[in-house]
Amino acid sequence: MADEHKHVDEVSGVETTGHEWDGIRELNNPMPRWWLYSFYATIIWAIGYAIAYPSWPMLTEATRGVLGYSSRAEVTAELSDAKAAQAGNVERIASDKIEDIMADPELRQFAISAGASAFKVNCAQCHGSGAAGGKGFPNLNDDEWLWGGKPEEIYQTIAHGIRHAGDGETRVSEMPAFGDMLAPEEIRATAAYVASLTGTPSSPALVEPGKQVFADNCASCHGADAKGSREFGAPNLADAIWLKGEGEQAIIDQMRLPKHGVMPAWLQRIGDPVVKELAIFVHSLGGGE
Amino acid sequence: MLHQPAHKAGSVERLEAEPVNAARQRRPLYEKRRKIFPKRAEGRFRRFKWLVMLVTLSIYYLTPWIRWDRGAHAPDQAVLIDLGARRFYFFFIEIWPQEFFFVAGLLVMAGFGLFLVTSAVGRAWCGYACPQTVWVDLFLVIERFIEGDRNARMRLDAGPWTLDKIRKRVAKHSIWLVIGVVTGGAWIFYFADAPTLLKSFVALQAAPAAYMTVATLTATTYVFGGLMREQVCTYMCPWPRIQAAMLDENSLVVTYKDWRGETRSRHAKKAAAAGEAVGDCVDCNACVAVCPMGIDIRDGQQLECITCALCIDACDGVMDKLGRERGLISYATLSDYAANMALATNGGATAIDTRRVRGANGAFVDGIRHFDWRIIFRPRVLVYFGIWVLVGLGLLYALVSRDRLELNVLHDRNPQYVVESDGSVRNGYMIKLLNMIPEQRRITLTLEGMPSAQMRIAGQGDGRSFLVAIDPDKVTSLKVFVTIPKAKLPEAEQGFSFKAEDPSSHERDVYRANFNQPAAAK
């Protein structure tokens, strides 16, 4: 530094680096020593890091680092740790009956949480993320159950599905296509009668003949009082909930050419403990019996 | 230079001490740091600093070991920051995460307290209470104990590496490291039950975070307190820069009174006999030798000065020996200093002449201004104090009036409502009951408003009021369904409230809730 030819800035009294641009000179102020040492420390750290951890990109993969660390392996380890932590509860859910699980508040809460997460993966596609369903897909929050709302009944429905070909225990029923069997006026009259059970029909004159047609053709499944039958998965027609749509036209459409929902059987796919968790979760949504 | 024997100035020993930052000899910026070997000072400020050191270090090291019984459901450590459980305990106060504003408020108070102290008495924080100052002081005690005082240390430092030097250095750095470990160790005890953590820490079974924290704090304590010392204050700390805005001409700062000290002379008697104007300063350098920042206070106000006042002690000692008044270096305001300087220099027309400030009998003339304590109570200081007090009172009010029972309600959004088979409409709510005391409680949860509505809690049936057991010091979650019959749906427009009340203490919290219904039903 003791270069006698070094230019010293007049204003600050600091020597310059000797670089000059159009008369502008650069003051030669040193970095603070602690700053410099910190900078060197980061360089040393970077070298150590590059050796210890994956860092340099090669043609097909990055260098692996001597520690053998990978973020994917870390996730896998965390997942297996989480699984191990849940193992006790999962085992009890596998071995216990649903009613026993529900009698234990802690285990029930675990099942509800697990069921909620399984629901988002497997069920939300049809029933919606809030389990509120939609036209043709039942709302699982309410208190109307086509096939029963007790936890065991819900379990049965989830495990074996509805109209699921290839499962011997699946829930099956089929509503005939009355478009081929009844005259259009009879169908209209029946729809007016069904609508009159919970509201005002479009034509009160049709209610009486419709009631007769209902008794002859529909009551065998939907019941004489139209309150449905869970044996056949026949919906209650005398309440406020309409799976296939509300109003006389929707009733006429369903009578003429009925639509039948299909739900897969889940037992083989996701296993008994998860089906139990789902049943307990669905039961907890507010409509469970 | 360092090895020259000390001269004598009258009965006062003259010390060879060069300030590190003297303006009169500018040093190259690339020059290495000049080591500072502060001499031991004695006097009232030194005694006060020992006391502050004792109190602050005792608070820091011992606080985690104070016990405070809170019953079976909460830890019995008086001061505990339980990060895992998100709780902060301070004696009788327990803070939940949402009450963190208390800590923010304390930090605001600390900030304004710092402004207040700085505007009144300058950088008192830097000089007395800053951890950097306190730990450097502690490290210097060790250094002096092993290597001796200033001269011995300078000789040792400049001398060759003998066995004795190695022994002393190893001993010094080992003790420093031990202090570092203890310092870092005390820190972690604030975050877990101290006795339990100590056992597991010694048995090498504590969490890795504990060891890493101790290692980091050991390193910072050792490096900052032992190796870097004054460089932390001069180069790293932003506070010396900020303080300029806090100080004004009426703030008390450590001041060398040129107007009485100059012209300084090592041969005062001879000069006085020759009829020259001689000041009180005998240029003994005692003030420079004791300075932990290595500066010369006689150069005036400097960024490096932490106002530790050790130069005052040193100078007072010298003045006592010489039989002159104390206070050649003392706490003074810059306005007093400027007025006295004007007097001594005849308004800047001449050099300092002490004959203008001293009468024939040797006493100061009447025109000399002395510190008037009333200047402390000037608007700037009072405003800081007022804000500080207001924040404190606000916090105190918040603390006294805060609830220990809280009700949080999350209205279900998916689905927003459910139509039941009988046409009634149901809404779901997740209710969280915060029991913020470490005792089991039974509270009533009541639905108020919407007279036809019914509330349902899983396993408890329907009703409009339930008795709910809530766990000590925990959040209890409840899924609650509220249903309105079809015929009464217009009631939903009114909305309603959930009320949680402790029947024994009548502590309560009310949450105003909405009720959603299908658009067609409106």
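The values are calculated or read from the model by the stated rules, or taken from the named source; none is laboratory data. Please read these numbers as outputs of a predicted model, since none were measured by experiment. So basically every Cβ, Gly included, is an ideal-geometry build from the backbone, and we count neighbours across all protein chains shown.
A few notes on this one:
- Number of the condition not met by B:GLY459 [criteria: (1) in contact with a strand residue (DSSP E or B) (Cβ under 7 Å, 6 or more places away or on another chain); (2) part of a loop (DSSP other than H, G, I, E, B); (3) within 14 Å of another protein chain (Cβ to nearest Cβ); (4) not hydroxyl-bearing (Ser, Thr, Tyr)]: (1)
- Note on region A:10-69: among residues that are among the β-branched types (Val, Ile, Thr) and in contact with an Asp or Glu (Cβ under 7 Å, 6 or more places away or on another chain), the one that is surrounded by the most Cβ atoms within 10 Å (Cβ to Cβ) is A:THR16.
- Some residue of region A:151-161 being within 14 Å of another protein chain (Cβ to nearest Cβ), under 30 Å from A:TRP266 (Cα atoms) and out of contact with any strand residue (DSSP E or B) (no Cβ under 9 Å at 6 or more places or on another chain): yes
Listed here are the residues, each with its yes/no results for (1) assigned to a helix (DSSP H, G or I); (2) out of contact with any Leu (no Cβ under 9 Å at 6 or more places or on another chain); (3) closer than 30 Å to B:ALA286 by Cα.
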{"residue": "B:ASN151", "(1), (2), (3)": "yes, no, yes"}
{"residue": "B:ILE166", "(1), (2), (3)": "yes, yes, yes"}
{"residue": "B:ALA171", "(1), (2), (3)": "yes, yes, yes"}
{"residue": "B:SER174", "(1), (2), (3)": "yes, yes, no"}
{"residue": "B:GLY180", "(1), (2), (3)": "yes, no, no"}
{"residue": "B:THR183", "(1), (2), (3)": "yes, no, no"}
{"residue": "B:ALA186", "(1), (2), (3)": "yes, no, no"}
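- Residues that are within 14 Å of A:GLN249 (Cα to Cα) and of a type in the set (Gly, Ala, Ser), drawn from region A:180-198: A:ALA189, A:ALA191, A:ALA192, A:ALA195, A:SER196
- Selection of region B:504-522 for residues being within 14 Å of another protein chain (Cβ to nearest Cβ) and buried (at least 18 other Cβ atoms within 10 Å of the Cβ) yields only B:GLN517.
- Counted residues, region A:190-246 - those being of a type in the set (Asp, Glu), surrounded by fewer than 18 Cβ atoms within 10 Å (Cβ to Cβ) and in a loop (DSSP other than H, G, I, E, B): 3
- Among the residues of region B:424-455, those that are within 12 Å of chain A (Cβ to nearest Cβ) and more than 52 Å from the chain's Cα centre (by Cα) comprise B:SER424, B:VAL425, B:ARG426.
- Any chance B:GLY386 is surrounded by fewer than 18 Cβ atoms within 10 Å (Cβ to Cβ), within 14 Å of chain A (Cβ to nearest Cβ) and either at pLDDT 95 or above or not in a strand (DSSP E or B) (or both): no
- The lone exception for A:HIS7 - which of (1) within 14 Å of chain B (Cβ to nearest Cβ); (2) in contact with a Lys or Arg (Cβ under 9 Å, 6 or more places away or on another chain); (3) surrounded by 12 or more Cβ atoms within 10 Å (Cβ to Cβ) it fails: (1)
- Pair list, Cβ under 7 Å, 6 or more apart: region A:210-235 residue under 12 Å from A:MET175 (Cα atoms), other residue of a type in the set (Lys, Arg): A:GLY233/A:ARG171
- Restricting region B:464-483 to residues that are surrounded by 14 or more Cβ atoms within 10 Å (Cβ to Cβ) and without any contact (Cβ under 8 Å) to a residue 24 or more places away in the chain leaves a set whose member that is farthest from the other protein chains (Cβ to nearest Cβ) is B:ARG464.
Listed here are the residues, each with its yes/no results for (1) within 12 Å of another protein chain (Cβ to nearest Cβ); (2) in a helix (DSSP H, G or I).
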| position | (1), (2) |
| --- | --- |
| A:PRO30 | yes, no |
| A:TYR40 | no, yes |
| A:ILE43 | no, yes |
| A:ILE51 | no, yes |
| A:VAL66 | no, no |
| A:TYR69 | no, no |
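For (1) in a loop (DSSP other than H, G, I, E, B); (2) over 12 Å from the mean Cα position of the chain (by Cα); (3) farther than 20 Å from A:GLU289 by Cα, each residue gets a yes or a no:
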{"position": "A:GLU91", "(1), (2), (3)": "no, yes, yes"}
{"position": "A:ALA94", "(1), (2), (3)": "no, yes, yes"}
{"position": "A:ILE101", "(1), (2), (3)": "no, yes, no"}
{"position": "A:LEU107", "(1), (2), (3)": "no, yes, no"}
{"position": "A:ALA118", "(1), (2), (3)": "no, no, yes"}
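- The listed residues are A:GLU169, A:GLU174, A:GLU185, and the only one of them that is at negative phi and in contact with a helix residue (DSSP H, G or I) (Cβ under 6 Å, 6 or more places away or on another chain) turns out to be A:GLU169.
- Of residues in region B:414-423 being at the interface with chain A (Cβ under 8 Å from one of its Cβ atoms) and assigned to a loop (DSSP other than H, G, I, E, B), the one surrounded by the fewest Cβ atoms within 10 Å (Cβ to Cβ): B:ASN414
For every residue, the table says whether it meets (1) within 23 Å of B:VAL117 (Cβ to Cβ); (2) assigned to a strand (DSSP E or B).
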position: B:ARG355; (1), (2): no, no
position: B:ALA360; (1), (2): no, no
position: B:ASP366; (1), (2): no, no
position: B:ARG374; (1), (2): yes, no
position: B:ALA398; (1), (2): no, no
position: B:MET430; (1), (2): no, yes
position: B:GLU439; (1), (2): no, no
position: B:MET450; (1), (2): no, no
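- Odd one out for B:VAL79, checked against (1) in contact with a Phe, Trp or Tyr (Cβ under 8 Å, 6 or more places away or on another chain); (2) surrounded by fewer than 16 Cβ atoms within 10 Å (Cβ to Cβ): (2)
- Qualifying residue in region B:484-503 (condition: in contact (Cβ under 8 Å) with a residue 12 or more places away in the chain, within 14 Å of chain A (Cβ to nearest Cβ) and in a strand (DSSP E or B)): yes
- Residues in region B:194-234 that are under 22 Å from the mean Cα position of the chain (by Cα), more than 14 Å from chain A (Cβ to nearest Cβ) and closer than 30 Å to B:LYS35 by Cβ: 7 in all.
- Count of residues meeting criterion [within 19 Å of B:ALA277 (Cα to Cα) and surrounded by 14 or more Cβ atoms within 10 Å (Cβ to Cβ)] in region B:330-369: 14
- B:ASN346 meets all of the listed conditions (1) touching a residue at least 12 places away in the same chain (Cβ under 8 Å); (2) in contact with a helix residue (DSSP H, G or I) (Cβ under 9 Å, 6 or more places away or on another chain) but one, namely (1).
- Every residue from region A:247-268 that is surrounded by fewer than 16 Cβ atoms within 10 Å (Cβ to Cβ) and closer than 15 Å to A:ILE162 by Cα: A:LYS259, A:HIS260, A:GLY261, A:VAL262, A:GLN268
- Any hit, region A:275-284, residues being part of a helix (DSSP H, G or I), within 11 Å of chain B (Cβ to nearest Cβ) and not polar (S, T, N, Q): yes
- Residue count for region B:311-343, restricted to those that are touching a residue at least 40 places away in the same chain (Cβ under 8 Å), out of contact with any Cys (no Cβ under 7 Å at 6 or more places or on another chain) and of a type in the set (A, V, I, L, M, F, W, C): 7.
- Within region B:233-246, residues that are surrounded by 17 or more Cβ atoms within 10 Å (Cβ to Cβ) reach partners that are at pLDDT below 85 with beta carbons closer than 7 Å, at six or more positions or on different chains, in the pairs B:CYS233/B:PRO240.
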